Amino acid sequence: MEHAIPDPLATGRVGRRVLITGAGGQLGVALREEFPDAPALDRSGWDVTKPAPAGFEPELVLHAAAWTDVDGAESDPEGAVAVNAAGTRNVVALGVPAVYYSTDYVFDGSKREPYVESDEPNPLSAYGRTKLGGEREVREGWIVRSSWLFGATGKNFLRTMLALGREREEVSVVDDQLGSPTYVAHLAAATRELLELPQGIWHVAAEGECTWFEFAGAIFEEAGLDCRVVPITSAELARPAPRPAYSVLRSEHEGAPVLPHWREGLRACLERLI
């Protein structure tokens, strides 16, 4: 999608009937808190691999439903396509603008400076390809690329590290992937701001950057856990899906939402968990 001139009828202003998909996931929960009056459907309310149920006539969809199992998509790419690409097609079929949440994994990581909206995607993994496929289904709305999401609910790196840090004296974490961990509550709040901006592709991720190794160390430090972090390579971890070595996102668009530093997001999230 091109970065468009603002349309006064498509700016997503307060008062629009908003529908949230993927309400059971970590981003969906954050969106429900940010848009408390919006109907919010988890998979039992709308499995997006199927057409929308009757009775919903939104004016805007915040489309957070997604296949997020990066490694699982390698073994079941058809399942990931059904959710991320075909599922987005079903959302688009409602005929209203959508906010589609995408990922830094649409890039290959060969760049060594932040990726901006005009950079050409080149996903390395099945997951990244299906999310890019979802982007290409959007006809009207906002494509929001973010990175390394974490929150107080759901399955994410922060919650995994907290569990391991309480059980173990040492964990091994990759130190050759660089990105910007983004707190879902900050992304949800930025969504409201984004709806006042032109439709198109937007990069919205936390300020700052770190490796997963550095993020794990910060988690243990902020949580007061005595757990040593050992740096390893991606090759040593040997996960099924390749990840980009560098996937920091920044926006080249004037007026783009600016999120707090990832460490501020970490502290805010831990305040809710501990």
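The values are calculated or read from the model by the stated rules, or taken from the named source; none is laboratory data. Computed from a predicted structure; not experimentally measured. FYI the Cβ positions are ideal-geometry reconstructions off the backbone, even for glycines, and counts take in every protein chain you see. Quick note on the areas: whole protein, heavy atoms, side chains included, nothing else; ligands and nucleic acids left out. Shrake-Rupley method; radii C 1.70, N 1.55, O 1.52, S 1.80 Å.
Has segment 216-223 got at least one residue that is part of a strand (DSSP E or B), under 25 Å from His261 (Cβ atoms) and of a type in the set (Val, Ile, Thr)?
Start the filter on segment 216-223 by keeping residues that are part of a strand (DSSP E or B), which leaves none.
No, every residue in segment 216-223 fails to be part of a strand (DSSP E or B), under 25 Å from His261 (Cβ atoms) and of a type in the set (Val, Ile, Thr).
Yes or no, residue by residue, for (1) among the charged types (D, E, K, R); (2) closer than 18 Å to Ala30 by Cβ; (3) at pLDDT below 95:
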site: Ser146; (1), (2), (3): no, yes, no
site: Gly154; (1), (2), (3): no, yes, yes
site: Arg166; (1), (2), (3): yes, no, no
site: Leu178; (1), (2), (3): no, no, no
site: Thr182; (1), (2), (3): no, yes, no
site: Leu187; (1), (2), (3): no, yes, no
site: Arg192; (1), (2), (3): yes, yes, no
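Output yes when any residue across segment 224-235 is assigned to a loop (DSSP other than H, G, I, E, B), farther than 16 Å from Ser172 by Cα and of a type in the set (Val, Ile, Thr), and no when none is. Before you say what the answer is, go through the steps one by one.
To start, the set of residues in segment 224-235 that are assigned to a loop (DSSP other than H, G, I, E, B) comprises 224-227, 233.
Subset that is farther than 16 Å from Ser172 by Cα: 224.
Filter once more, keeping what is of a type in the set (Val, Ile, Thr): none.
Checked segment 224-235: no residue is assigned to a loop (DSSP other than H, G, I, E, B), farther than 16 Å from Ser172 by Cα and of a type in the set (Val, Ile, Thr).
Being more than 30 Å from Glu120 (Cβ to Cβ) and among the small types (Gly, Ala, Ser) is the filter; apply it to segment 1-29 and report the residue that is modelled with the lowest pLDDT. Break it down into steps so the answer makes sense when it comes.
At the first step, the residues of segment 1-29 found to be more than 30 Å from Glu120 (Cβ to Cβ) are 8-9, 13-20, 23-24, 29.
In the following step, the residues that additionally are among the small types (Gly, Ala, Ser) were identified as 15, 23-24.
On the way: Gly15: 57, Ala23: 97, Gly24: 96.
Ranking the qualifying residues of segment 1-29, first place goes to Gly15.
Kindly indicate whether any position in segment 163-176 is free of Cβ contacts under 8 Å to residues at least 24 places away in the same chain and part of a helix (DSSP H, G or I). Can you show your working first?
Of all residues in segment 163-176, those free of Cβ contacts under 8 Å to residues at least 24 places away in the same chain come to 163, 167.
So of that shortlist, the ones also part of a helix (DSSP H, G or I) come out as 163, 167.
Yes, because at least one residue in segment 163-176 is free of Cβ contacts under 8 Å to residues at least 24 places away in the same chain and part of a helix (DSSP H, G or I).
Which residues, taken from segment 262-273, are open to solvent by less than 30 Å² (accessible area, probe 1.4 Å) and charged (D, E, K, R)?
Listed by number, the list is empty, since nothing qualifies.
For segment 181-210, what are the residues that are free of Cβ contacts under 8 Å to residues at least 60 places away in the same chain and open to solvent by less than 10 Å² (accessible area, probe 1.4 Å)?
Within segment 181-210, Ala206, Cys210 qualify.
Would it be correct to say that Gly224 is within 23 Å of Gly109 (Cα to Cα) and either modelled with pLDDT of 95 or more or aliphatic (A, V, I, L, M) (or both)?
On the way: within 23 Å of Gly109 (Cα to Cα): no; either modelled with pLDDT of 95 or more or aliphatic (A, V, I, L, M) (or both): yes.
No.
With segment 18-135 as the region, which helices (runs of 4 or more DSSP H) entirely inside it contain at least 3 residues that are open to solvent by 20 Å² or more (accessible area, probe 1.4 Å) and either free of Cβ contacts under 8 Å to residues at least 12 places away in the same chain or closer than 22 Å to Pro257 by Cβ (or both)? Walk me through it before giving the result.
Details: elements: 26-34, 70-75, 77-81, 87-92, 126-135.
Filter on segment 18-135 gives 26-34.
What are the residues in segment 211-261 that are in contact (Cβ under 8 Å) with a residue 40 or more places away in the chain, among the β-branched types (Val, Ile, Thr) and either in contact with a Pro (Cβ under 9 Å, 6 or more places away or on another chain) or open to solvent by 40 Å² or more (accessible area, probe 1.4 Å) (or both), if any?
Thr233, Val248, Val258
Test each condition in (1) under 17 Å from the mean Cα position of the chain (by Cα); (2) within 17 Å of Leu158 (Cα to Cα); (3) of a type in the set (Gly, Ala, Ser); (4) assigned to a helix (DSSP H, G or I) for Ala205 and report the one that comes out false.
For Ala205, the failing item is (4).
If the requirement is being within 29 Å of Ala73 (Cβ to Cβ) and touching a helix residue (DSSP H, G or I) at 6+ places or on another chain (Cβ under 8 Å), which of these qualifies: Gly217, Gly179?
Working: Gly217 fails: touching a helix residue (DSSP H, G or I) at 6+ places or on another chain (Cβ under 8 Å).
From the options Gly217, Gly179, the qualifying one is Gly179.
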